[in-house]
Amino acid sequence: EVDMAKIRFIKENLTVEVPDGTTILKAAKSIGAPQGDRCGGVCACSTCHVYVLEGFNNTSEIEDEEFDILDKAFDVRSTSRLGCQAKVHGDIAVEISDESFQAFLDEHPNDKEAAHKLRGK
Ligand code: FES
């Protein structure tokens, strides 16, 4: 039996349950949360930048590669992670950064209106 973890995307008020070890980015995609991923999830762009506001200890450890890319992100905080690198091992609550939301809009011009509505602005 696979352990499940719950991820809540705070600004969009979306919650999804995923198998332990799933990345935040994969979880976001599975539920249509507007998170960017310009490099396709290979730790090379920082457009998947999120803040883990609850349950940070329930995420995988940050590796050197992720630190290097996070260094180039905007408005980096102690709660910052790359959604494509952070795996969940328990319940967490996540805020998709403005940088990441903007990247999503750029990548999905047809979903702009729906994404803004979800985000509440
Ligand atoms: Fe590019 Fe995560 S999607 S670093």
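Each value in this text was obtained by applying a stated rule to the coordinates, not by laboratory testing. Predicted model only: the values in this text are computed from it and were never measured. Using ideal geometry, Cβ is built from the backbone for each residue, glycine included, and neighbour counts are taken over all protein chains shown.
Pairs of Cα atoms nearer than 8 Å and 6+ residues apart set the relative contact order; for segment 20-72 it is 27 percent.
Close amide-amide hydrogen proximity is noted between Thr59 and His89, each under 5 Å apart and 5 or more residues distant or on a separate chain (H modeled in the peptide plane; Pro and chain starts excluded).
Quickly estimate the mean residue ellipticity at 222 nm for the chain, helices only: each DSSP H run with n ≥ 4 gives -39500 (n - 2.57), and the total goes over all residues, rounded to 500. Calculated at 222 nm, the ellipticity per residue is -7500 deg cm²/dmol. Backbone geometry of segment 11-18 corresponds, through the Karplus equation with coefficients 6.51, -1.76 and 1.60 at θ = phi - 60°, to 3J(HN,Hα) couplings of 5, 9, 6, 10, 10, 9, 9, 10 Hz, x marking Gly and Pro. Here Lys117 is the anchor, and the lysines within straight C-alpha reach of less than 26 Å, apart from those fewer than 8 places off in the same chain, are Lys6, Lys11, Lys26, Lys29. Arranged from fewest to most other beta-carbon atoms within 10 Å of their beta carbon, Val88, Val76 become Val76, Val88.
Would you work out the Kirkwood radius for segment 1-44? I mean one over the mean of 1/r across all pairs of different Cα atoms, in Å.
Its Kirkwood hydrodynamic radius stands at 11.2 Å.
In the P(r) worked out for the chain, what percent of Cα pairs fall beyond 26 Å? Across the chain, Cα pairs with separations above 26 Å total 12 percent.
For Glu12, Glu66, which order do you get if you count the other beta carbons within 10 Å of each Cβ and list the fewest first? Before the final figure, lay out each step's value.
Details: Glu12 22, Glu66 19.
Going from sparsest to densest Cβ surroundings: Glu66, Glu12.
As a proxy for reagent exposure, Ser78, Ser60, Ser100 were ordered by neighbouring Cβ count within 10 angstrom, fewest first; the result is Ser78, Ser60, Ser100. Whole-Hz Karplus values for segment 40-46 come out as x, x, 10, 6, 9, 9, 6 Hz, taken residue by residue from phi with 6.51 cos²θ - 1.76 cosθ + 1.60 and θ = phi - 60°; glycine and proline positions read x. Taking the empirical scaling 2.2 N^0.38 Å for compact globular proteins as reference, segment 42-112 has a Cα radius of gyration ratio of 1.08. Which residue fluctuates most in the GNM of the chain (Cα springs below 10 Å): Pro19, Pro109, Pro34? Sorting by GNM fluctuation, first place goes to Pro109. Electrostatic tally near Arg38: other residues with Cβ closer than 13 Å to its Cβ, Lys and Arg +1, Asp and Glu -1, net -3. Largest GNM mean-square fluctuation among Lys11, Lys87, Lys72, using the chain with Cα springs under 10 Å: Lys72. Computed from phi, the 3J(HN,Hα) profile of segment 65-81 under the Karplus parametrisation 6.51, -1.76, 1.60 (θ = phi - 60°) reads 4, 5, 4, 4, 6, 4, 3, 9, 7, 8, 6, 6, 10, 5, 9, 5, 8 Hz, with x in place of Gly and Pro.
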